[in-house]
Amino acid sequence: MSHAPALRGLLLKTLGRPVIVRATDGAPVLDLPADLSGAEALVDLELPAVVAVDGHSYEVSTTSRSEREISGRVAVVTGGAQGFGAEIAKGLVDQGCFVYIADLNGDGAAAKSAELGSDVTHPITVNVADEDSVAAMAAEIERVTGGLDLVVSNAGIVRAGSVLEQDLGAFQLSTDINYVAFFLVTKHLGGLLARQHETSGGAWLTDIIQINSKSGLVGSNKNAAYAGSKFGGIGLVQSFALEMVEHGVKVNAICPGNFYDGPLWSDPVKGLFVQYLESGKVPGARTVADVKEFYESKVPMRRGATGVDVLRAIYYIVEQAYETGQALPVTGGQVMMN
Ligand SMILES: NC(=O)c1ccc[n+]([C@@H]2O[C@H](COP(=O)([O-])OP(=O)(O)OC[C@H]3O[C@@H](n4cnc5c(N)ncnc54)[C@H](O)[C@@H]3O)[C@@H](O)[C@H]2O)c1
């Protein structure tokens, strides 16, 4: 059994700021019993330090790289190997978080973890649309850090196509990864988040953030599988928010505009620019550049969304203690809420 959540909760309460508690085999400087009596002595210890609880060793560290409240959180980013997820993982590490990079592409997750620092990240191979795989991810997080403060449910796919022609398999794959997976991720990781609230005596709020899309707010021509799954995601966000509020878990969505520079759009073989050119979605477009110009001209701010734009929304949501169940557009003015 991992004592990390209880140890971390107690430290959250006594230090008033987050710490990272990881299982280790290092030699302890302080031995504590399972009930953690005597843990007050930790306040005077210079961190990082190795502490044994009931014979199990944990490294306790804190971060001082930033004053932002996000610093020191333990986060998981699904789909963290590339695109928005990779940018989010990097931004969170830069802010002093410990980040699980969880992706179907295990090699990509491992490479991103090595690039960002193996002391501040941990790669996990996961299929977010498979319940056993998501449960195994939760178990791994429980084993390594015990605690978790921030879930960024970001993994997603696009299968564009006309409702008159799209095959059911493509529609269902989109639904499984963009919609069903958010249920699985919340089901299996929500408990770890709730425990932070409980063990901190109700003093600590945690977050689930779904990276949704502007296509979760307005329909998308010849892209119904995607838009439908993203609209559904907003319904899950609102409903999970109502339930999880009693566990100190805020649940919100971020709805970015198009990330033209990321691989989803710009991949030269299977990127959306190529897909939309080939499906004839943009009337009169003859090149990828024509498709890009068509989309950029729809944005009042005349550019696509970037990882930094999405990160600023994440910081806002985490720091804002008085909001839940919202869908926050990050679209350069392309989608305006009523
Ligand atoms: N790119 C955009 O223009 C844009 C705009 C708005 C919203 N979004 C949303 O942002 C999120 C990320 O998009 P992106 O553009 O970075 O995509 P991307 O294709 O560049 O990266 C997606 C990542 O998710 C991983 N992934 C795919 N299926 C998975 C699964 N079943 N389990 C675990 N990991 C899986 C992939 O391996 C990949 O690393 C998606 O939810 C997408 O809908 C993207």
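The values are calculated or read from the model by the stated rules, or taken from the named source; none is laboratory data. No experiment lies behind these values; they were computed from the predicted model shown. Virtual Cβ from ideal backbone geometry, glycine too; neighbours counted across all protein chains shown. We work out accessible area using only protein heavy atoms, side chains counted, and drop any ligands, DNA or RNA first. Shrake-Rupley method; radii C 1.70, N 1.55, O 1.52, S 1.80 Å.
So the values come out like this:
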{"item": "Accessible surface of region 57-205 [probe 1.4 Å, protein heavy atoms]: carbon and sulfur percent", "result": "50 percent"}
{"item": "√(5λ) per eigenvalue of the Cα gyration tensor, region 264-305, largest first, Å", "result": "17, 13, 7"}
{"item": "Within a Gaussian network of the chain (alpha carbon springs, distance under 10 Å), most fluctuating of V21, V218, V99", "result": "V218"}
{"item": "Whole-Hz ³J(HN,Hα) from phi, Karplus 6.51 cos²θ - 1.76 cosθ + 1.60, for region 194-210, glycine and proline x", "result": "4, 5, 4, 5, 5, 6, 8, x, x, 8, 10, 9, 10, 9, 10, 10, 8"}
{"item": "Rounded percent of accessible protein surface that carbon and sulfur make up, region 230-285, 1.4 Å probe", "result": "59 percent"}
{"item": "Where V288, V299, V120 fall by accessible area, highest first, once all protein chains stay in place (1.4 Å)", "result": "V288, V120, V299"}
{"item": "Binned Cα-Cα distance frequencies in region 4-62 - 5 Å width, integer %", "result": "4, 21, 37, 29, 8, 0"}
{"item": "H122, H56, reordered so the largest accessible area comes first (probe 1.4 Å)", "result": "H56, H122"}
{"item": "Solvent-accessible surface ranking, highest first, for M301, M137 at 1.4 angstrom", "result": "M301, M137"}
{"item": "Per residue accessible area of region 4-62, 1.4 Å probe, in Å²", "result": "47 Å²"}
{"item": "Share of alpha-carbon pairs per 5 Å distance bin for region 154-193, given as whole %", "result": "5, 23, 23, 18, 13, 8, 5, 3, 1"}
{"item": "Filter on K250/K270; K90/K250; K112/K298 - keep pairs with C-alpha separation over 28 Å", "result": "K250/K270; K112/K298"}
{"item": "Residue among P268, P123, P256 with the largest mean-square fluctuation in a Gaussian network model of the chain, springs linking Cα atoms under 10 Å", "result": "P268"}
{"item": "Heavy atoms of H197: accessible area, 1.4 Å probe, square angstrom to 10", "result": "40 Å²"}
{"item": "Cβ-placed point charges (K, R +1; D, E -1), dipole of the chain about Cα centre in debye, nearest 20", "result": "1240 debye"}
{"item": "Farthest positive-ward along the chain dipole, Cα basis, beta-carbon charges - from A23, M244, L264", "result": "L264"}
{"item": "Accessible area (Å², per residue) of region 238-311, counting only protein heavy atoms and a probe of 1.4 Å", "result": "52 Å²"}
{"item": "In region 180-287, the trypsin sites (Lys or Arg not before Pro) that fall in loop regions by DSSP, at most 10 other Cβ within 10 Å", "result": "K270, R286"}
{"item": "Gaussian network model of the chain, Cα within-10 Å springs - most flexible of A138, A114, A41", "result": "A41"}
{"item": "The chain - percent relative contact order, Cα under 8 Å, separation 6 or more", "result": "15 percent"}
{"item": "Projected area, mean over directions - the chain, Cα convex hull, nm²", "result": "17.3 nm²"}
{"item": "Cut-off under 5 Å, modelled amide H: who pairs with D207 long-range", "result": "L150, V151, K250"}
{"item": "Amide H contacts under 5 Å for A327, placed H, 5+ residues apart", "result": "A253"}
{"item": "Nonlocal amide H pairs with Y58, under 5 Å, H built at 1.01 Å", "result": "T24, V51, A52, V53"}
{"item": "Kirkwood-type radius of region 182-295, with distances r between different C-alpha atoms, in Å", "result": "16.3 Å"}
{"item": "Degrees, to the nearest 10: 83-94 long Cα axis against longest axis of the chain", "result": "30 degrees"}
{"item": "Cβ-Cβ FRET estimate between T14 and Y316, R0 fixed at 30 Å, reported to 0.05", "result": "0.60"}
{"item": "Alpha-carbon centroid distance for the pair region 254-301 / region 148-167, whole angstrom", "result": "16 Å"}
{"item": "Cα-based helix-to-principal-axis angle, 224-244 vs the chain, degrees rounded to 10", "result": "30 degrees"}
{"item": "Translational diffusion coefficient (Stokes-Einstein; Kirkwood radius from C-alpha pairs) of region 172-233 at 25 °C, 0.890 mPa s, in µm²/s", "result": "187 µm²/s"}
{"item": "CD proxy at 222 nm, helix term only [per DSSP H run n ≥ 4: -39500 (n - 2.57); per residue of the chain; nearest 500]", "result": "-12000 deg cm²/dmol"}
